[in-house]
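S.K.: Got a structure for you, written out below as structure tokens; questions coming shortly.
No lab work stands behind these numbers, since they all come straight from the coordinates. Everything numeric here is computed off the predicted structure, so don't read it as measured data. Backbone-built Cβ (ideal geometry, glycine too); neighbour counts: all protein chains shown.
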Amino acid sequence: MKLAILSRAPRSYSTQRLRTAAADRGHTVKVLNTLRFGIDLSGEEPDLQFRGKRLSTYDAILPRVGNSVTYFGTAVVRQFEQMDVYTPSTSWGIANSRDKLRATQILSRHNIGMPPTTFVRDRADVIPAIERVGGAPVVIKLLEGTQGIGVILAPTVKVAEAVIETLQSTKQNVLIQRFVKESKGRDIRALVVGDRVVAAMRRVAKGDEFRSNVHRGGSVEAVDLDPEFEKAAVRSAQIMGLRVAGVDMLEGADGPQVMEVNSSPGLEGIETATKLDVAGAIIDYIDNQVAFPEIDVRQRLTVSTGYGVAEIAVLEASDLVGKALGDSGLRERDITALTLHRGTSVIPNPNGRHVLEAGDRLLCFGKLEEMRSMIPSRRRRTRKVKRLPEEPIHDVPQT
Ligand SMILES: Nc1ncnc2c1ncn2[C@@H]1O[C@H](COP(=O)(O)OP(=O)(O)O)[C@@H](O)[C@H]1O
Ligand SMILES: [Mg+2]
């Protein structure tokens, strides 16, 4: 394959290892500076310029988009996606993982263990928020920090309040997160490639530091990952739209607590600690997936008027309970079930023999009108826009 590594650091350990691994496997590989692309939207088809000239054809890209260039970098990756060039990290995955709040919000509906986290704006809401996550000591995080910078442990509610107030006064948004004490300054970094963890290490903070980042002096050691940690890491990366990711987890009392999913994980620490060829595993995975460029499924499936994607929840009272999918009548109503979600497991392409249970959720494609009648108790939208009332603003009883 012909692969482009998008990076502004051609001499860094990670970039050099990836380039070497690709070349050793007989691929054509170029390291292209992310900031030298030009996104060309003037022609009939989406196109890209590089250093002012039209870019030649690539089979795949491997984005290594740094924190300081997220906006431009993800725009370049998105352009490659529009051109059907394969990328293991989606543009939306990179953007969403970069923001700790966004990432936590997206993961929160998927039964992934995470440290309890809140996000508030008003001063009056700060103390209740700290109490909601378990009180002091409490962790305060800037939304877009990396390498441990912008992660603070506040020993008391008073200090926490002062720190939050100071940061907010400089227009910085902060997360308030429970301090997972039992992890004792240690965390797990799992390197996910595709649907497995190819290497994992434990990072141990230096001295009385609580942040285990290597940039904060943390040391690393290889670990054999518990299946529970492996599953949490792989699912988190998949939910975030990243096929190559470094997932950071604390060792909580009830198992893995995912803190963040990094879209451009460094390779030096993990390759040194584990002596594993992580770069090679990444290149082999990309080589295998080149035929499957990213498709914005929702966007493509909703181009036919009246058709779309919806999730149908199988409620306790529903007459779908106990019926095989084939006898559910969905097909007859022009509805196709794409996946069946049951608890934390997902059955892709469920066949007609799957018997539905209360609590199941079916991700469906079909006629919106038909699906609407199956989605209970959602407010129906009235078709006509009403006239403005005589008294547009008036007193309403407090509820
Ligand atoms: N809620 C927490 N409880 C205990 N330790 C934490 C918590 N959040 C972060 N840490 C420690 O701080 C480090 C940095 O936090 P992280 O959210 O990964 O930010 P960064 O993006 O700067 O690496 C983690 O690797 C971990 O050692
Ligand atoms: Mg981290």
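S.K.: Of GLU228, GLU332, GLU311, which has the largest mean-square fluctuation in a 10 Å C-alpha GNM of the chain?
M.R.: Of GLU228, GLU332, GLU311, the most mobile in the Gaussian network model is GLU332.
S.K.: So how strong a dipole does region 181-255 carry about its Cα centre when Lys and Arg Cβ are +1 and Asp and Glu Cβ are -1, to the nearest 20 debye?
M.R.: Computed about the Cα centre, the dipole is about 300 debye.
S.K.: What is the gain in length, in nm to one decimal, between ASN111 and THR399 on full extension, counting 0.36 nm per residue of separation less the C-alpha to C-alpha distance?
M.R.: Additional length available on full extension: 100.5 nm.
S.K.: Which parts of region 332-347 would a label at ALA310 reach, counting a residue when its backbone N lies under 16 Å from a point 7 Å out along Cα-to-Cβ?
M.R.: 332-339
S.K.: With +1 on the Cβ of every Lys and Arg and -1 on the Cβ of every Asp and Glu, and nothing else charged, how large is the dipole of region 73-115 about its Cα centre, in debye rounded to the nearest 20?
M.R.: Values: 5 positive and 3 negative charges, 47 e Å.
Dipole about the Cα centre, nearest 20: 220 debye.
S.K.: Go through LYS53/LYS100; LYS100/LYS181; LYS100/LYS184; LYS100/LYS231; LYS141/LYS206 and tell me which ones have a Cα-Cα distance over 25 Å in this structure.
M.R.: Pairs exceeding the cut-off: LYS53/LYS100.
S.K.: Now a separate question. When the scattering of region 1-68 is computed by the Debye formula from its Cα atoms alone, each counted once and equally, what is log10 I(q)/I(0) at q = 0.16, 0.23, 0.26 Å⁻¹?
M.R.: -0.57, -1.03, -1.19
S.K.: In whole Å, what are the extents of region 204-344 along the principal axes defined by its C-alpha atoms, from largest to smallest?
M.R.: Computed over region 204-344, the largest-to-smallest principal extents equal 63, 39, 24 Å.
S.K.: Just subtract the alpha-carbon distance of ASP24 and THR339 from 0.36 nm times their residue separation and send over the number in nm, one decimal.
M.R.: Details: separation 315, 0.36 × 315 = 113.40 nm, distance 3.91 nm.
Taking 0.36 nm per residue and subtracting the Cα distance, the gain is 109.5 nm.
S.K.: Can you compute the helix-only [θ] at 222 nm over the chain? Use -39500 (n - 2.57) per DSSP H run of at least 4 residues, normalise by all residues, nearest 500 deg cm²/dmol.
M.R.: Counting only the DSSP helices, I get -7500 deg cm²/dmol.
S.K.: Expressed in nm², what is the orientationally averaged projection area of the convex hull enclosing the Cα positions of region 284-362?
M.R.: Average of the hull's projected areas for region 284-362 equals 7.0 nm².
S.K.: Now, a different point. Select from ARG102, ARG19, ARG123 the residue whose mean-square fluctuation is largest in a Gaussian network model of the chain (Cα-Cα springs shorter than 10 Å).
M.R.: ARG123
S.K.: Per residue Cα convex hull volume for the chain, in cubic angstrom?
M.R.: About 217 Å³ per residue, rounded to a whole number.
S.K.: In addition: Which listed residue (GLN289, LEU32, SER318) has the Cα farthest towards the positive end of the charge dipole for the chain, taking +1 on Lys and Arg C-beta and -1 on Asp and Glu C-beta about the Cα centre?
M.R.: Selected residue: LEU32.
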